[in-house]
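Asker: My questions all concern the structure below.
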Amino acid sequence: MKEVKLKNGETAILRTPTKEDAKAMIEYCNIVGGESDFLTFGENEFLISIEDEEQYIEKNNSMEDSKMVLAIINDEIAGIASITSLQKERIKHNGTLGISFRKKYWGIGLGNEVMSYLIEWAKSNGITKKISLLVREDNERGIKLYEKFGFEREGLLKKDNCVNGIYYNTITMGLYID
């Protein structure tokens, strides 16, 4: 657990979720899906049972090369982020980053704090050597954040995402950890 002070003076608690967070995490995902078209799911499209989410949390927490973090502000989930690695020997050094925040918490430095937290964890776990992510080509704020932390553009997935009948390209980005 870590407490961080944000630009607006509020304090966020960054912590690992427990299975007791499952219901709130599902509700969070169903809300943020309607607040941003940059996610891979829309409003109320995060269809998973509480039991399945509890199992996912417990499995993720038991893995030494995967990490999920909740950002809590005023007892509310303000964001969820993770680095997830597959357990195959040849690729387990590569973690995939996923990150989202409730719209009312955009622009207050929460993204910087969560990215710093996860990258430091990746550097210290002794396994992760690369963090990969996917970002929609027109997500300028996201791209700027990732580039600030040293992520480099590695490729382009054409017409990879479709929102309201409009196709968008997706950029693949990577950060190499020494």
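Just so you know, all these numbers are worked out from the coordinates, no wet-lab data involved. The structure displayed is predicted, hence computed values, not measured ones. With ideal geometry, Cβ positions are generated from the backbone for all residues, glycine too; neighbour counts draw on all protein chains shown.
Asker: Please go through the range 121-132 and pick out each residue that is part of a loop (DSSP other than H, G, I, E, B) and of a type in the set (Val, Ile, Thr).
Answerer: First, pick out the residues of the range 121-132 that are part of a loop (DSSP other than H, G, I, E, B): 125-129.
Correct list: ILE127, THR128.
Asker: Which residues, taken from the range 27-82, are of a type in the set (Val, Ile, Thr) and part of a loop (DSSP other than H, G, I, E, B)?
Answerer: THR40, ILE48
Asker: Does the range 138-178 hold any residues that are closer than 16 Å to LEU39 by Cβ and surrounded by 16 or more Cβ atoms within 10 Å (Cβ to Cβ), and which are they?
Answerer: Of everything in the range 138-178, those that are closer than 16 Å to LEU39 by Cβ and surrounded by 16 or more Cβ atoms within 10 Å (Cβ to Cβ) turn out to be ASN139, GLY142, ILE143, LEU145, TYR146, ASP160, ASN161, TYR168, THR170, ILE171.
Asker: Scan the range 108-120 and give yes if some residue there is part of a strand (DSSP E or B) and either acidic (Asp, Glu) or touching a residue at least 12 places away in the same chain (Cβ under 8 Å) (or both), otherwise no. Please lay out each step first, then the result.
Answerer: We begin by selecting, within the range 108-120, every residue part of a strand (DSSP E or B); these are none.
Taking every residue of the range 108-120 in turn, none turns out to be part of a strand (DSSP E or B) and either acidic (Asp, Glu) or touching a residue at least 12 places away in the same chain (Cβ under 8 Å) (or both).
Asker: Another one. Go through the range 98-107 and report how many residues are within 15 Å of PHE38 (Cα to Cα) and assigned to a helix (DSSP H, G or I). Break it down into steps so the answer makes sense when it comes.
Answerer: Just the residues of the range 98-107 that are within 15 Å of PHE38 (Cα to Cα), to begin with: 98-103, 106.
Checking the rest, the ones that are also assigned to a helix (DSSP H, G or I) come to 103.
Of the residues in the range 98-107, 1 are within 15 Å of PHE38 (Cα to Cα) and assigned to a helix (DSSP H, G or I).
Asker: Also: Looking at ILE50, is it β-branched (Val, Ile, Thr) and loosely packed, with under 14 Cβ neighbours inside 10 Å?
Answerer: Working: β-branched (Val, Ile, Thr): yes; loosely packed, with under 14 Cβ neighbours inside 10 Å: yes.
Here the answer is yes, as ILE50 does meet what is asked.
Asker: Sticking with this structure for a sec: Condition test on ASN61, is it exposed (fewer than 15 other Cβ atoms within 10 Å of the Cβ), in contact (Cβ under 8 Å) with a residue 12 or more places away in the chain and in contact with a strand residue (DSSP E or B) (Cβ under 8 Å, 6 or more places away or on another chain)?
Answerer: Details: exposed (fewer than 15 other Cβ atoms within 10 Å of the Cβ): yes; in contact (Cβ under 8 Å) with a residue 12 or more places away in the chain: yes; in contact with a strand residue (DSSP E or B) (Cβ under 8 Å, 6 or more places away or on another chain): yes.
Against the criterion (exposed (fewer than 15 other Cβ atoms within 10 Å of the Cβ), in contact (Cβ under 8 Å) with a residue 12 or more places away in the chain and in contact with a strand residue (DSSP E or B) (Cβ under 8 Å, 6 or more places away or on another chain)), ASN61 qualifies.
Asker: Taking the range 11-50, which residues are acidic (Asp, Glu) and either in contact (Cβ under 8 Å) with a residue 24 or more places away in the chain or closer than 25 Å to TYR117 by Cβ (or both)?
Answerer: Taking the range 11-50 and keeping what is acidic (Asp, Glu), we get 20-21, 27, 35, 37, 43, 45.
Once the filter is applied, which keeps residues that are acidic (Asp, Glu) and either in contact (Cβ under 8 Å) with a residue 24 or more places away in the chain or closer than 25 Å to TYR117 by Cβ (or both), the range 11-50 yields GLU20, ASP21, GLU27, GLU35, ASP37.
Asker: Quick check on this structure: which one of LYS103, LYS148, LYS159 is under 19 Å from GLY42 (Cα atoms) and without any contact (Cβ under 8 Å) to a residue 40 or more places away in the chain? Quick ask: steps written out before the conclusion?
Answerer: Values: LYS103 fails: without any contact (Cβ under 8 Å) to a residue 40 or more places away in the chain; LYS148 fails: under 19 Å from GLY42 (Cα atoms).
Only one candidate passes the filter, namely LYS159.
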